[in-house]
Amino acid sequence: MRLRRKKLRLRAFRKRRELTPVADRTKEIREGDVLAFSTLRNERVRLPYFLQYYRKQGIAQFLIVDNGSDDGSREYLADQPDVSLWHTDRSYRRARYGVDWLNWLQWQHGHDHWTLVVDPDEFFVYPFCDTRPIRGLTDWLDACSIRSFSAMLLDMYPKGPIDAERYCEGQDPFEIASWFDSGNYLISRNPDYLNLWIQGGPRARVFFPEDPMQAPSLNKIPLVRWHRDYVYVQSTHMLLPRGLNQVYDDAGGEKTSGALLHAKFLDTLAGKAAEELQRKEHFAGSREYRAYHDHLSDRPVLWNKWSERYINWRQLEILGLMSKGNWA
C-alpha cells in the first residue's frame, strides 16, 4: 500500500502539467481555513447555488478544476473572489476521473487544512449544520484527533418525472428534488482498503434493477484533515493511508458521520447524460450515464410509496443514514 500511495502521488505530480491557472487566489488562504475542491464541466446553471451553499457553511476558498467547459462556467468562476480556478482540456478519464488533478492541488494547497471534496451537485450536511458552521465540526474533529469524516451519498429526486419541473439558476435544487430512499442499501467492507462499500437507493432500484451491484457507490469520505502524504484512490470513496478509511465503529457503536445530498436528478440530467455518453470519459465506459440515457426517454419516476421527504439532518439521524455520535 505504501508503494501504491507513492505511485499515486507521482501520478498527481506529473498531471500538474495538464492544469493551466485561470485565477489563482491561493495566496489569500489563511491558517485554519476550510477549503473546498472540485472538478467540473458545464455546470454553469448549478454554480450560483453551489457557491452560496458552501459559503454559508463557512468554506473560505474554492479550488476548482474546469475540464473544458463551454457553457460559461469558466468565465463565471474566474470572476468569483473566493475561487481559485485551473483549466484543462485533457482527458478526465486518464486523470483517473479527475482524482489526479485534485490530489495535486490538495498536495500543493491543502496541507494542514481541512479539505472538502465535492461535486457541484453534492451538498454536505452534518450534525448541527443548521446551527454550527463547518469550522465547528472540524474544530471538534481536531479535538478528538479524528482525521477523516464520512458522508453517505443520498440521491434526492422529485415526486414526478425527473424533467417535469425546470431547474433555474440560483434555485435551491431541493425545492424540486426533495425525496429520498430511507432504506434499500447494501453495505460491505472492503478487505483491502478497509472502507465500507455502500450501494442501493433509487439508482439501483430504477436504473440498475437487473443488476443492482452495478449501481454507483454511495460511500464517501469527503472531509479530511489533509497531509501531503495522503491521496484519494478512487473518487472520494477511499484514501491512502488506509487508516483514513476507518470512519465507522466496528465494535457495535456509532461514529459521527454526515451525508451528501445528491441533486443529480433534475431536468438537466438528460442533456448531461447525452453529453457524457458521447465523451465516454466516465468510469466503466460511462456505464452509469448509459443507464440514464436508456431510461430517461421513458420519463422514469423515482418516487414510490416508501419515499421519504427530506426535512433536516435530524431526520437522517433517526433513519440511521448519519450519526451525531458523541458530538453533542
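Listed values, structure above:
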read-out	value
Any hit, segment 69-89, residues being open to solvent by 40 Å² or more (accessible area, probe 1.4 Å) and either of a type in the set (A, V, I, L, M) or closer than 16 Å to Arg11 by Cα (or both)	no
Candidates Glu175, Glu169, filtered to the one that is of a type outside the set (Ser, Thr, Tyr) and free of Cβ contacts under 8 Å to residues at least 24 places away in the same chain	Glu175
Ile29 vs. criteria over 20 Å from Asp100 (Cβ atoms) and among the β-branched types (Val, Ile, Thr)	yes
Among (1) touching a helix residue (DSSP H, G or I) at 6+ places or on another chain (Cβ under 7 Å); (2) under 15 Å from Trp226 (Cα atoms), the one test that Leu105 misses	(1)
For Ala284: the one exception among (1) at pLDDT below 90; (2) assigned to a helix (DSSP H, G or I); (3) within 30 Å of Cys168 (Cα to Cα)	(3)
Those residues of segment 188-213 which are of a type outside the set (Gly, Ala, Ser), in a helix (DSSP H, G or I) and either in contact with a strand residue (DSSP E or B) (Cβ under 7 Å, 6 or more places away or on another chain) or farther than 18 Å from Asp121 by Cβ (or both), in sequence order	Pro202, Arg203, Arg205, Pro212, Met213
Conditions (1) surrounded by fewer than 19 Cβ atoms within 10 Å (Cβ to Cβ); (2) at pLDDT 95 or above; (3) not polar (S, T, N, Q); number of the one not met by Tyr54	(1)
Residue match in segment 297-306 (condition: crowded, with 21+ Cβ neighbours inside 10 Å and under 30 Å from Ser69 (Cβ atoms))	yes
Some residue of segment 141-159 being more than 25 Å from Pro48 (Cβ to Cβ), in a helix (DSSP H, G or I) and open to solvent by less than 40 Å² (accessible area, probe 1.4 Å)	yes
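The values are calculated or read from the model by the stated rules, or taken from the named source; none is laboratory data. Worth saying up front: this structure is predicted, and the values here are computed from it rather than measured. As a convention, Cβ positions derive from the backbone with ideal geometry for all residues, glycine included, and neighbour counts pool all protein chains shown. To get the accessible areas, we keep the full protein, side chains included, count just its heavy atoms, and leave off ligands, DNA and RNA. Shrake-Rupley method; radii C 1.70, N 1.55, O 1.52, S 1.80 Å.
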